[in-house]
Amino acid sequence: MSNGNRTILAVFAHPDDDALSCLGTLAKFTNENYQVHVLTLTAGEKSNTAIGRTRLSEAETVAQLVGYSLMEQELSDGHLRCDLETVSLIEKYIQQIRPQIVITHYPQNSGYGHQDHDNTASAVVNAARRASCVDWILYAEPPVQDWGFLPNFYVDITDHMDLKKQAIRLHASEGSKAYMLPDIAAMRAQWWALQNHPDNFCAGRYFEPFIVVKGVLDRNFFTGIE
Ligand SMILES: [Zn+2]
């Protein structure tokens with residue numbers, strides 16, 4: 001049962017993570033008059049293509065484009081931990097924002113994931129599962145495929161796919177990485193459409209996948225039939 005506060009908090013380790021994993025869904029929430037907040041825990045300064053605050057500045061441009069509020073912490077890239085300090089920091093944001101829905105990384109404990117993503121996910125779930133305001137916690141799609149990622153909730157982002165591609169392009173300093181190609185993001189979103197709807201409905205459509213960690217969301221969520 002929804003508490004009706006229509007507020008989202010998405011927490012990711014690096015400035016481009018939300019664009020890759022759930023930008024279409026964040027845009028959809030924003031269009032449906034949710035208050036959407038994205039917290040990036042680092043400036044992504046350890047990337048071999050990063051120069052100064054470039055990556056944060058790119059993320060700020062994307063936030064303006066989509067219409068969500070971007071909050072920045074400059075913890076040490078590559079050194080994020082799931083410890084008391086990080087959990088307390090995220091708790092502080094949850095108490096301030098009072099989100100109904102919390103989105104974070106899928107923890108790729110297989111070794112294929114980034115250690116910052118795994119530790120962010122653990123700290124976020126630790127903090128969010130104890131917050132009474134949080135009805136739902138969602139893991140978003142990992143940027144690199146992990147066969148352990150088995151989604152149980154899909155969002156139709158067809159109307160926002162062009163915006164997602166534009167947002168990925170705006171993270172230009174990371175543009176040399178294969179997973180940052182907008183066409184790869186579109187192919188993945190079409191693949192998830194096929195997984196969600198193995199019929200003609202998926203033709204020409206794009207979906208983002210999630211794992212619901214807490215709560216129950218179904219495909220009627222955005223129609224108000226929840
Ligand atoms: Zn990342």
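The values are calculated or read from the model by the stated rules, or taken from the named source; none is laboratory data. Note that the structure is predicted; figures quoted are calculated from it, not measured. Using ideal geometry, Cβ is built from the backbone for each residue, glycine included, and neighbour counts are taken over all protein chains shown.
Conditions (1) modelled with pLDDT under 95; (2) over 16 Å from Asp18 (Cα atoms); (3) more than 15 Å from the chain's Cα centre (by Cα), marked per residue:
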residue	(1), (2), (3)
Thr40	no, no, no
Ser47	yes, yes, yes
Gly52	yes, yes, yes
Ala59	no, no, no
Val62	no, no, no
Tyr68	no, no, no
Glu74	yes, yes, yes
Arg81	no, yes, yes
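Pairs linking a residue in region 5-32 that is within 16 Å of the ligand (Cβ to nearest atom) to a residue that is acidic (Asp, Glu) and part of a loop (DSSP other than H, G, I, E, B), with Cβ atoms under 8 Å and 6 or more positions apart or on different chains, are Ala13/Asp77; His14/Asp77; Leu20/Glu141; Ser21/Glu141; Cys22/Glu141.
Are any residues in region 101-121 small (Gly, Ala, Ser) and either crowded, with 20+ Cβ neighbours inside 10 Å or within 14 Å of the ligand (Cβ to nearest atom) (or both), and if so, which ones? Correct list: Gly113, Ala121. Figure legend. Inter-residue proximity from region 188-205: first residues in contact (Cβ under 8 Å) with a residue 24 or more places away in the chain and closer than 20 Å to Leu23 by Cβ, second residues among the small types (Gly, Ala, Ser) and surrounded by 12 or more Cβ atoms within 10 Å (Cβ to Cβ), beta-carbon distance below 8 Å, spacing 6+ or different chains. Indicated pairs: Ala189/Gly24; Arg205/Ala193.
Picking from residues in region 134-180 that are among the small types (Gly, Ala, Ser) and part of a helix (DSSP H, G or I), the one that is surrounded by the most Cβ atoms within 10 Å (Cβ to Cβ) is Ala167.
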